[in-house]
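Step one of this worksheet: look at the structure below.
The values are calculated or read from the model by the stated rules, or taken from the named source; none is laboratory data. Quick caveat: nothing in here was measured; it's all calculated off a predicted structure. Neighbour counts run over all protein chains shown; Cβ positions are idealised from the backbone, glycine included. Side chains are part of the model used for accessible areas, which takes the heavy atoms of the whole protein and leaves out ligands, DNA and RNA. Shrake-Rupley method; radii C 1.70, N 1.55, O 1.52, S 1.80 Å.
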Amino acid sequence: LIESRQGAGWTVVRRPAAHVYDFTPLTSIADIQRCFVFRVALEGEAASLAARNHDVDSLRRIEKVLKKLDEIVANEPHNTLGAEEDMLFHRTIAEATGNRFFVETLTSLQSQIAIGINLNRNLTLIQPGRVAVGQREHHAVFDAIAARNDKRARQKMREHIENGRKRVYEGANSRDH
């Protein structure tokens, strides 16, 4: 990958394959929980930065995904759980930061994040109304980003992911939030 050339120093001769940057697979329930904790920090900052840096187009993209999630919630019981749209909501916020490292990190964590989101959304089958709680949290994040309130966007995203973790691990339901 790197080669030494006399008089020229070190040069990159070949870039590593994209999968080299992927995180290792989750191997335990504790790993899923750690992923939620990591996301609280990462995505809280992404939401804050998106509130400061978004442009009209990026805000429109976030809103478009949010409306698609609204349609899914309105059609409960769900034919689709909306996990892909949920992940896309979080990704479009990362894109709105204008910082590729947020997007690349979420992309590298996509399979790990998908496990937590799918687990959370699958639990809706036994606790109707659960998805609506998460969707209200999505709206609170969006509203803070749209208002360019970076502190509130950070807080609302951190609460949303932490509440998702609680819904999975502590059995919190719609009456709890």
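If amide H atoms are built 1.01 Å from N in the plane of the peptide, which residues on other chains or at least 5 residues away come under 5 Å of the amide H of GLY82?
It is none; the list stays empty.
With only Lys, Arg, Asp and Glu charged, each at its Cβ (+1 for the first two, -1 for the last two), find how big the charge dipole of region 27-177 is about the Cα centre; round to the nearest 20 debye.
My answer is approximately 280 debye.
Can you tell me the Rg and Dmax of region 63-165, counting just the alpha carbons, in angstroms?
My reading of the Cα-based Rg and Dmax gives 13.3, 39 Å.
Gap in Å between the Cα centre of region 44-116 and the Cα centre of region 135-159?
Result: 12 Å between the Cα centres.
What trypsin sites (Lys or Arg not before Pro) in region 128-158 are in a loop by DSSP, with at most 14 other Cβ atoms within 10 Å of the Cβ?
ARG148
Order the following by accessible area, largest value first: LEU88, LEU69, LEU42. Probe radius 1.4 Å; ligands, DNA and RNA are ignored.
Correct descending sequence by accessible area is LEU88, LEU42, LEU69.
Between GLU159 and GLN110, what is the label-to-label distance in nm when each label sits 7 Å out along the Cα-to-Cβ direction?
So the label points at GLU159 and GLN110 sit 3.1 nm apart.
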